[in-house]
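One structure below.
The values are calculated or read from the model by the stated rules, or taken from the named source; none is laboratory data. From a predicted model like this one, the values you see are computed outputs, not experimental measurements. Virtual Cβ from ideal backbone geometry, glycine too; neighbours counted across all protein chains shown. For the accessible areas, the whole protein counts, side chains as well, though only heavy atoms, and no ligand, DNA or RNA atoms are used. Shrake-Rupley method; radii C 1.70, N 1.55, O 1.52, S 1.80 Å.
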Amino acid sequence: MTNYVAGYNMPGYMPDSEPAEFETFDSARDNIVFWLDDALESMATGEEKDEEKESVLKDAIEYAKKQTDAFSFTAAGYCYWVTPAH
């Protein structure tokens, strides 16, 4: 049974893929943390260091980890969200 969906996209655009479905809020939230962490790691392998974007992503990871109910926020040019399934 799907209770939550999670995803991310550029504001104003549809997601590149279907939102992920999860049975629990914690699993959905952890998925967002995974994608934020992945974006942060991708920056580490890039040629140009962007300390401001790195700081925003680190703050977003900490923010997402603290959430206990549906949420959405924008960080580093993307909207990240978890919402109850309908």
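Numbers at a glance
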item	result
Residue tally, condition open to solvent by 100 Å² or more (accessible area, probe 1.4 Å), in contact with a strand residue (DSSP E or B) (Cβ under 9 Å, 6 or more places away or on another chain) and either farther than 14 Å from Thr83 by Cβ or in contact (Cβ under 8 Å) with a residue 24 or more places away in the chain (or both), over segment 1-23	3
In segment 72-85, residue nearest to Phe25 (Cα to Cα) [restricted to those that are within 11 Å of the chain's Cα centre (by Cα), assigned to a strand (DSSP E or B) and touching a residue at least 12 places away in the same chain (Cβ under 8 Å)]	Val82
Test: Thr45 is open to solvent by 50 Å² or more (accessible area, probe 1.4 Å) and either touching a residue at least 12 places away in the same chain (Cβ under 8 Å) or of a type in the set (A, V, I, L, M, F, W, C) (or both)	no
Options Asp26, Asp69, Asp37: the member that is under 16 Å from Gly7 (Cα atoms) and part of a loop (DSSP other than H, G, I, E, B)	Asp69
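Okay, residues lined up against (1) of a type outside the set (S, T, N, Q); (2) at pLDDT below 95; (3) in contact with a Lys or Arg (Cβ under 6 Å, 6 or more places away or on another chain); (4) farther than 23 Å from Tyr13 by Cβ:
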{"residue": "Leu36", "(1), (2), (3), (4)": "yes, no, no, no"}
{"residue": "Ser42", "(1), (2), (3), (4)": "no, yes, no, no"}
{"residue": "Gly46", "(1), (2), (3), (4)": "yes, yes, no, no"}
{"residue": "Asp50", "(1), (2), (3), (4)": "yes, yes, no, no"}
{"residue": "Glu54", "(1), (2), (3), (4)": "yes, yes, no, yes"}
{"residue": "Lys65", "(1), (2), (3), (4)": "yes, no, no, yes"}
{"residue": "Ala70", "(1), (2), (3), (4)": "yes, no, no, no"}
{"residue": "Ala75", "(1), (2), (3), (4)": "yes, no, no, no"}
{"residue": "Thr83", "(1), (2), (3), (4)": "no, no, no, no"}
